[in-house]
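The values are calculated or read from the model by the stated rules, or taken from the named source; none is laboratory data. Keep in mind the model is a prediction, meaning the values are calculated, not measured. Heads up, the Cβs are rebuilt from the backbone with ideal geometry, glycines too, and the neighbour counts pull from every protein chain shown.
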Amino acid sequence: MTKNTAADKYFEALTESYDAIIEAIKAGNERGFRVSNNLLAEAQRGQREAVELGRTFAADPTDIGAFYRTMMESTTKAQGRALELARQMFDELSESRTEGREVIEKIVKSQRAAGEAAVEATRDLVSTTAERVRSGVTRVTTGAAEQAAKATTAVTKPAASSAPRTEVA
């Protein structure tokens, strides 16, 4: 079982944040494709209806009634297409807004987790560093005390042996 460290949590949170952003970009790309595809399809339909209108007029330029009827049908269909495109745009904008809110929520949540993990990692680092500094200082001061004791002992012994001895009878 692997230990989930603060650094692991931090990088997992960053990954989640970036994944949310990439998902939003993909969704926007797909939305744009749908709108563009629909716009092209409607433009193609309009072009065909315009050709049909021209064909109707060319077939019998004197039949104003048939031409007018075909023109009205074409205009009505064009208005319907325009309304359908507007409806699709509003639907896509609504969907985009909802997805945007969800993405922002994911990013904020991920960034919060990353921040908490960074604080935890910093605490761990400071704690570990402080402990190492304490043990190092203890080692140095203990070593210095031992050296001072040895030096004191070394200085004291020769001084004691060089002092005049008085003999007791």
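Listing for the model above:
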| item | result |
| --- | --- |
| Arg132 vs. criteria over 30 Å from Thr5 (Cα atoms), loosely packed, with under 11 Cβ neighbours inside 10 Å and not small (Gly, Ala, Ser) | no |
| Test result for Thr70, out of contact with any Pro (no Cβ under 8 Å at 6 or more places or on another chain), exposed (fewer than 15 other Cβ atoms within 10 Å of the Cβ) and either hydroxyl-bearing (Ser, Thr, Tyr) or within 18 Å of Glu95 (Cα to Cα) (or both) | no |
| Residue in segment 20-33 that is out of contact with any strand residue (DSSP E or B) (no Cβ under 8 Å at 6 or more places or on another chain), within 30 Å of Glu120 (Cβ to Cβ) and exposed (fewer than 13 other Cβ atoms within 10 Å of the Cβ) present | yes |
| Test for Ser96: is it among the polar types (S, T, N, Q), at pLDDT below 90 and under 30 Å from Glu23 (Cα atoms) | yes |
| Flag if Ser74 is in contact (Cβ under 8 Å) with a residue 60 or more places away in the chain and either in a helix (DSSP H, G or I) or touching a Cys at 6+ places or on another chain (Cβ under 9 Å) (or both) | no |
| Residue list for segment 2-19, restricted to those being of a type outside the set (Phe, Trp, Tyr) and either on the phi > 0 side of the Ramachandran plot or surrounded by 11 or more Cβ atoms within 10 Å (Cβ to Cβ) (or both) | Thr5, Ala6, Ala7, Asp8, Lys9, Glu12, Ala13, Leu14, Thr15, Glu16, Ser17, Asp19 |
| Of all residues making up segment 73-109, the number that are surrounded by 15 or more Cβ atoms within 10 Å (Cβ to Cβ), more than 30 Å from Ala13 (Cβ to Cβ) and of a type in the set (Lys, Arg) | 1 |
| Selected residue (only one of Thr75, Thr70, Thr98 is of a type in the set (Ser, Thr, Tyr) and under 30 Å from Ala114 (Cβ atoms)) | Thr98 |
| Test result for Ala145, under 30 Å from Phe11 (Cβ atoms) and small (Gly, Ala, Ser) | no |
| Checklist (1) more than 30 Å from Asn37 (Cβ to Cβ); (2) of a type outside the set (A, V, I, L, M); (3) touching a residue at least 24 places away in the same chain (Cβ under 8 Å) applied to Glu92, failing item | (1) |
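So that you can scan it fast, the table gives a plain yes or no per residue for (1) outside any helix (DSSP H, G or I); (2) of a type in the set (A, V, I, L, M):
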{"position": "Asn4", "(1), (2)": "yes, no"}
{"position": "Ile25", "(1), (2)": "no, yes"}
{"position": "Gly28", "(1), (2)": "no, no"}
{"position": "Leu40", "(1), (2)": "no, yes"}
